[in-house]
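> I have a structure here, written as structure tokens, and I will follow up with some questions on it.
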Amino acid sequence: MADIDVSKIPEAQKPTPENATLLQGFEWNCPADGKHYQRLLSQVESLKNIGVDNIWLPPGCKASSPEGNGYDIYDLYDVGEFDQKGSVKTKWGSKEELLALSKKGKEIGVGLYWDAVLNHKAAADKTEKCMVIEVDENDRTKEVGEPYEIEGWLGFDFPGRGDKYSAMKWHWYHFSGTDFNAANDKKAIYKILGDNKGWSSSVDGEQGNADYMMFADVDYSHPEVEEDVKNWGVWITKELGLKGFRLDAVQHFSQRFSNEWVQRLREECGPIFCVGEFWSGDTENMTKWLSEMDHKFSLFDSPLLYNFNRISTSEAGDLRKVFDGSLCAVAPINAVTVVMNHDTQPGQTVATPIEGFFKPLAYALILLRNEGYPSVFYGDLYGMKGRGDEVPSEPPSCGGRLPDIVIARKLYSYGMQEDYFEEENCIGWVRRGTHDKPYGCAVVMSNSGPGTRHMCVGSEHKGEVWTELLGWEQGEVTIDEDGWGDFTCPGVSLGIWVNKDAEGRDQFPVKFDSDIYKEN
């Protein structure tokens, strides 16, 4: 049979693309036992079954120690293959285990995104002398005192790897700043001096100039640095069969270089997805950054996350304002929406607490609407380990029903969206379905008492009997001749309503084993 020419199919009859969902595949306090890739491998089929299409892997390049999460990055080209910094494996596992996960993902259609830490390097192999000038901690454009020589941890030889994959060795002139003088054990922010040295001009204006963040700050004005890191992006994409990247701290390193890096990546590897970490409540600043990117790019919708925080921690917060000032309100195609991630979980420096009662509501708001690309957090799906008395462990969120909300997205969250946001503490919306995904859904939520929303799901659904798929609200709603129904939810909760005879209803409640650590 000849292939069908999709371009000749009328728009209304074209297949509806299936909703995509991203899982952040780790949390900050995962055990440092080198078994994380094995655990993900054991779960990848279950994740695919509930609608997870891509997994954002942790930063798996060799860190400063076997316990390092990878943001303390030592060697880009060591992903658990060489005996360096105390072990062959990273905290997350070995390269062989990583390749096994990649192979399984390809077999069943789950893509892998790599967490790329390109701003800095840590745990140098030796010190090197260089000229610096101290800058003000709060304004890096202000110099303090006169230039002088320091002994900085700025020499990277990678003795365990040698020249495999890359022969480049890093020296003081490959960096723009550092924070420690080994000659006198003084901590400060030192701007490295020399020909063509200085902070990047294409970074955020945080603290005067956001170029320096931590450790040894990579200088992307140096041609050797640029070429090596561009080569690395292509190498790791092909080596692991990656489908995307999460770029750490994008406002802290050269936007010009980021553009060039993405361009090289896509020229040699095809349509690779890229999302940047840019924690800000300033949507205008974020959209300005996006508009200056020459290539399609996404950012995490941190303003929406801050709205979740504000509403959930306020008494009867105004749900109607949940999307005010969010990235997905002004640039939905560029917004990756989150409820929590490793940076914002309890105990982290940018912790953004969301009350437990609000998490099902927040997940419904990112998973069951048409704006943004939702990222589900590992710690909400499997629970968080905690750090002793300092940060207690937490069970899976949403009363263990997060998998149900994820699969509801896969099955029912399609078609025209209509909002019913008239009441401060009870809002709702409907998705009317499409010609080939016809069922649709109706969602109602309250952060106060029990709620009811009179909503229209479309006359095409007249006579259907709808029930609530989480089991949190009882009863039936019969859709009237004009497509209307009264949809309810319990107090401080939500209801997700779907035709009781819709395809896939037999999957609820979802059978999902969240005990990912049971063998340990």
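The values are calculated or read from the model by the stated rules, or taken from the named source; none is laboratory data. Remember, predicted model here, so these are calculated numbers, not experimental data. So basically every Cβ, Gly included, is an ideal-geometry build from the backbone, and we count neighbours across all protein chains shown. For the accessible areas, the whole protein counts, side chains as well, though only heavy atoms, and no ligand, DNA or RNA atoms are used. Shrake-Rupley method; radii C 1.70, N 1.55, O 1.52, S 1.80 Å.
> Report the relative contact order of the chain, percent, no decimals, based on alpha-carbon pairs under 8 angstrom and at least 6 residues apart.
Reported relative contact order: 11 percent.
> Residues of the range 207-231 with backbone nitrogen within less than 14 Å of a virtual label 7 Å along the Cα-to-Cβ line of residue 195, please, listed as ranges.
Output list for this probe position: 222-224.
> While we're looking at this one, here's another question. Using 30 Å as the Cα-Cα cut-off, could you pick out the over-long pairs in 230/410; 62/106; 106/230?
The answer is 230/410.
> Using 20 Å as the cut-off for backbone N distance, which residues of the range 53-83 belong to the label zone defined by a point 7 Å from the Cα of residue 269 along Cα→Cβ?
Zone members listed by number: 53-63, 70-82.
> At 7 Å along Cα-to-Cβ for each site, give me the label-to-label distance between residue 390 and residue 146 in nm.
4.2 nm
> Now a separate question. Counting only DSSP beta bridges with both residues in the chain, tell me the antiparallel percent, nearest 5.
The answer is about 70 percent antiparallel.
> Report the Stokes-Einstein translational diffusion coefficient (µm² s⁻¹, integer) for the range 444-520, Rh taken as the Kirkwood radius over Cα pairs, at 25 °C with viscosity 0.890 mPa s.
178 µm²/s
> Right, another one. With a Förster radius of 41 Å, plug the Cβ-Cβ distance of residue 418 and residue 214 into 1/(1 + (r/R0)^6) and report the FRET value to the nearest 0.05.
Given R0 = 41 Å and the Cβ-Cβ separation, E is 0.35.
> Given a Förster radius of 56 Å and the C-beta distance between residue 164 and residue 482 as r, what FRET efficiency does 1/(1 + (r/R0)^6) yield to the nearest 0.05?
Result of the calculation: an efficiency of 0.25.
> Could you compute the net charge surrounding residue 323? Neighbours are other residues with a C-beta less than 14 Å from the C-beta of residue 323; K and R count +1, D and E count -1.
That works out to -1.
> Obtain the radius of gyration and the Kirkwood radius of the range 365-448 from its C-alpha atoms and give Rg over Rh.
So for the range 365-448, dividing Rg by the Kirkwood Rh gives 1.08.
> Provide the net charge surrounding residue 348, with neighbours chosen by a C-beta distance below 11 Å and charges set as Lys +1, Arg +1, Asp -1, Glu -1.
-1
> While we're looking at this one, here's another question. May I ask you to compute the full-extension gain from residue 315 to residue 259, defined as 0.36 nm times their residue separation minus their alpha-carbon distance, rounded to one decimal in nm?
15.8 nm
> In whole Hz, what ³J(HN,Hα) sequence does the range 376-383 give by Karplus (6.51, -1.76, 1.60; θ = phi - 60°), x for Gly and Pro?
So the J values, rounded to whole Hz, are 8, 8, 3, x, 7, 7, 10, x.
> Checking the a/c ratio against 1.5 first, then a/b against b/c, what shape does the Cα gyration tensor give for the range 286-351?
Verdict is oblate for the range 286-351.
> D for the chain, whole µm²/s, Stokes-Einstein with Kirkwood Rh over alpha-carbon pairs at 20 °C and 1.002 mPa s: what number?
Taking Rh from Cα pairs, D becomes 87 µm²/s.
> OK, next. Note down, for the range 359-516, the three equivalent ellipsoid semi-axes (square root of 5 times each alpha carbon gyration tensor eigenvalue), biggest first, whole angstrom.
29, 17, 14
> Let me ask another. For the chain, what % of the accessible area comes from carbon and sulfur atoms, probe 1.4 Å?
C and S fraction of accessible area: 48 percent.
> Using only the alpha-carbon atoms of the range 111-270 as identical scatterers, what base-10 log of I(q)/I(0) does the Debye formula give at q = 0.09, 0.17, 0.18 Å⁻¹?
-0.31, -1.02, -1.12
> Under the Kirkwood approximation for Rh and a Cα-based Rg, what ratio Rg/Rh is obtained for the range 99-186?
Looking at the range 99-186, the ratio lands at 1.16.
> Within straight cross-link reach of residue 142, meaning Cα distance under 12 Å, which aspartates and glutamates are found once same-chain residues fewer than 8 apart are removed?
Straight-distance partners of residue 142: 134.
> With a point put 7 Å past each Cα toward its Cβ, work out how far residue 48 is from residue 103 in nm, to one decimal.
Roughly 1.5 nm, to one decimal.
> Could you give the length gained by full extension between residue 202 and residue 131, i.e. 0.36 nm per residue of separation minus their alpha carbon distance, to one decimal place?
23.2 nm
> Let me ask something additional. For the range 154-296, what's the relative contact order in percent, using C-alpha pairs closer than 8 Å and at least 6 residues apart?
Relative CO of the range 154-296 lands at 19 percent.
> Please give the net charge around residue 107, taking every other residue with its beta carbon less than 13 angstrom from that of residue 107, where Lys and Arg add +1 and Asp and Glu add -1.
+3
> Shifting gears a bit: Pairs of alpha-carbon atoms within less than 8 angstrom and 6+ residues apart define the contacts here; what relative contact order does the range 131-219 have, in percent?
33 percent
> Taking the Cα centre as origin and putting +1 on Lys and Arg beta-carbons and -1 on Asp and Glu beta-carbons, what dipole magnitude results for the chain, to the nearest 20 debye?
Dipole size: approximately 1100 debye.
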